[in-house]
Amino acid sequence: MTDRPFQGVDADDLASCVACGLCLPHCPTYRTTGSDSQSPRGRIALIAGVRDGALDLDGGITEAIDSCLQCMGCMPACPSGVRYDRIIAPVVEEMTTHRRGSRRRRSLVLSPLGRPRLLRLVTFIALLAARLGVLPKRFGAPPLSFGRAHARCAPASSGEKIIIFSGCVMDAWYGHVHRDTHAVVTAMGFSASFSEPALCCGALHSHGGLSARAKNLEERVTAELSGATLVVNSAGCGAHLRALFSKDPQRPTKVVDVMDFIDVNMDRLLAACPPAREGLRESVVVHDACHLRNLLGTHLAAHRVLGLHHRVLSVPDDGLCCGAGGAFALEHPVMAREIAERKYVAIDTVVDAGVKFISSGNPGCIGHLAANKPSTMSHVSVVHPVQLVARMIASKQGSEGAGVSDQRRF
């Protein structure tokens, strides 16, 4: 690396942090370790010190930065409006670029994304290894969805051009969520098609500092999906896509999370599925995915939509991250599990005998929460909120086998 790393970080962004410490309760790694170097203000101080030449970029500082989940829980809590996202992103990119081993490892792990057949093959092998006990259960590989949702749907005929973003992980691992998304959107009277399954948005690559690969993927997305309304059922992809399309006003594209889309068009949902009576509502715990809460600000949409047919229970921890964090659970499995255990301590305070579901709008969260679920909650399923909406619509229409029950298990 150069003699003075991190020159790509804006000095004004660093100086905006007054080290007040109000971010500390909202940082999962600080809550787990109690170390200030594992907090947003601590990382900002270390980055500033390295940037100014006061500190050497040693192993301790590298580990402190590497262990950041990039959940951005610190940003809504910061009274000074520190743009932590603008600070950490170029630092992660620079460190990944200059550490050959880290770059190769992350490139290898993410290489199947955007290559549907390879991703399905790798997933099948991982599921088989997990079944045989070779792969630890903490990796949380979900059931493989062999039936592709996008192949069953006709293109939009007229009116607003609505495209359900297939993505890569969602298409290979959560095809049942795609099918439920399409079922809900069409039940509300909209016509929608799916994007090509090989179209990866580059969110995980960007999160891991692989900027060159991310840029290539982003260019494909903007070229093929501009001008549409993109309905996204992966919080991480949704946040990345919205930031991506906001940079190019010449290509107007609306990116909306599926639960926000339903919430905005609530009248259509009510026409398809009237609210359930209070005494008939099942209980669901809603985990707010970090990207929905901290970047998109649309996390309450799921609470409002699910509240029509369920008794919604919020997790009393101010939206603390579950520990998934992109590839964080792979690179820091011990800390990721500890963070998940802390999340479940909070969930346990609201779970009662009537709770059957934990809902989350991000695939990483779903897989991580399911993999680390305590035995005391074996009766609780971790699902995407749109699955519960599809389930209620199907029950109102007298259908069977839709929604949550329509999961393909290995």
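Can you tell me which condition residue 25 does not meet? The list is (1) closer than 25 Å to residue 98 by Cα; (2) in contact (Cβ under 8 Å) with a residue 60 or more places away in the chain; (3) not aromatic (Phe, Trp, Tyr), and all the others hold.
(1)
Considering each residue of the stretch 5-38, count those that are buried (at least 21 other Cβ atoms within 10 Å of the Cβ) and of a type in the set (Ser, Thr, Tyr), and give that number.
2
Which ranges mark the helices (runs of 4 or more DSSP H) fully within the stretch 72-119 that have 3 or more residues being within 13 Å of residue 14 (Cβ to Cβ) and under 20 Å from the mean Cα position of the chain (by Cα)?
84-98
Identify all residues within the stretch 68-106 that are among the polar types (S, T, N, Q) and at pLDDT below 95; write none if there are none.
96, 97, 102
Can you tell me which residue is farthest from the chain's Cα centre (by Cα) among those in the stretch 163-210 that are over 30 Å from residue 102 (Cα atoms), assigned to a loop (DSSP other than H, G, I, E, B) and among the hydroxyl-bearing types (Ser, Thr, Tyr)?
191
Somewhere in the stretch 362-382, is a residue within 24 Å of residue 294 (Cα to Cα), in contact with a His (Cβ under 7 Å, 6 or more places away or on another chain), outside any helix (DSSP H, G or I) and not aliphatic (A, V, I, L, M)?
yes
Among 345, 305, which is crowded, with 24+ Cβ neighbours inside 10 Å, in a helix (DSSP H, G or I) and over 17 Å from the mean Cα position of the chain (by Cα)?
Criteria check complete, one pass: 305.
Quick check on the stretch 41-57: of everything there that is in a helix (DSSP H, G or I), hydrophobic (A, V, I, L, M, F, W, C) and touching a residue at least 40 places away in the same chain (Cβ under 8 Å), which residue is farthest from residue 29 (Cα to Cα)?
Our first condition is that a residue be in a helix (DSSP H, G or I); within the stretch 41-57, this holds for 41-52.
Pick out the ones that are also hydrophobic (A, V, I, L, M, F, W, C) and you get 44-48, 50.
Retained after the next criterion (residues that are touching a residue at least 40 places away in the same chain (Cβ under 8 Å)): 44, 47, 50.
Numbers: 44: 14, 47: 17, 50: 21 Å.
By that ranking, first place goes to 50.
Among the listed residues 389, 382, identify the single one that is in contact with a Lys or Arg (Cβ under 8 Å, 6 or more places away or on another chain), under 16 Å from residue 306 (Cβ atoms) and modelled with pLDDT of 95 or more.
Numbers: 389 fails: in contact with a Lys or Arg (Cβ under 8 Å, 6 or more places away or on another chain).
Selected residue: 382, the only one of 389, 382 that is in contact with a Lys or Arg (Cβ under 8 Å, 6 or more places away or on another chain), under 16 Å from residue 306 (Cβ atoms) and modelled with pLDDT of 95 or more.
If we keep just the residues of the stretch 58-71 that are part of a loop (DSSP other than H, G, I, E, B) and over 16 Å from residue 48 (Cβ atoms), which is farthest from the chain's Cα centre (by Cα)?
The selected residue is 67.
Of everything in the stretch 1-19, what is outside any helix (DSSP H, G or I) and acidic (Asp, Glu)? Give them in sequence order.
The answer is 3, 10.
Considering only residues that are hydroxyl-bearing (Ser, Thr, Tyr), closer than 25 Å to residue 299 by Cα and touching a residue at least 60 places away in the same chain (Cβ under 8 Å), which ones fall in the stretch 186-222?
206, the sole residue that qualifies.
Which of the helices (runs of 4 or more DSSP H) found entirely inside the stretch 229-295 contain at least 2 residues meeting this: more than 17 Å from the chain's Cα centre (by Cα) and under 14 Å from residue 385 (Cα atoms)?
The helices (runs of 4 or more DSSP H) meeting that bar are 258-264.
Keeping to the stretch 20-40, report how many residues are part of a helix (DSSP H, G or I) and either under 13 Å from residue 73 (Cβ atoms) or in contact with a helix residue (DSSP H, G or I) (Cβ under 6 Å, 6 or more places away or on another chain) (or both).
So the answer is 12.
Kindly establish whether residue 324 is of a type outside the set (D, E, K, R), within 30 Å of residue 29 (Cβ to Cβ) and outside any helix (DSSP H, G or I).
yes
Yes or no, residue by residue, for (1) modelled with pLDDT of 95 or more; (2) within 23 Å of residue 272 (Cβ to Cβ):
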| residue | (1), (2) |
| --- | --- |
| 176 | no, yes |
| 182 | yes, yes |
| 197 | no, no |
| 207 | no, no |
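Would you point out the residue of the stretch 223-268, among those that are polar (S, T, N, Q) and free of Cβ contacts under 8 Å to residues at least 24 places away in the same chain, that is surrounded by the fewest Cβ atoms within 10 Å (Cβ to Cβ)?
For the stretch 223-268, the residue satisfying everything is 250.
The values are calculated or read from the model by the stated rules, or taken from the named source; none is laboratory data. Bear in mind that the values here come from a model prediction, so they are computed numbers and not experimental data. Methodologically, a virtual Cβ is constructed for each residue, glycine included, from the backbone with ideal geometry; neighbour enumeration extends over all protein chains shown.
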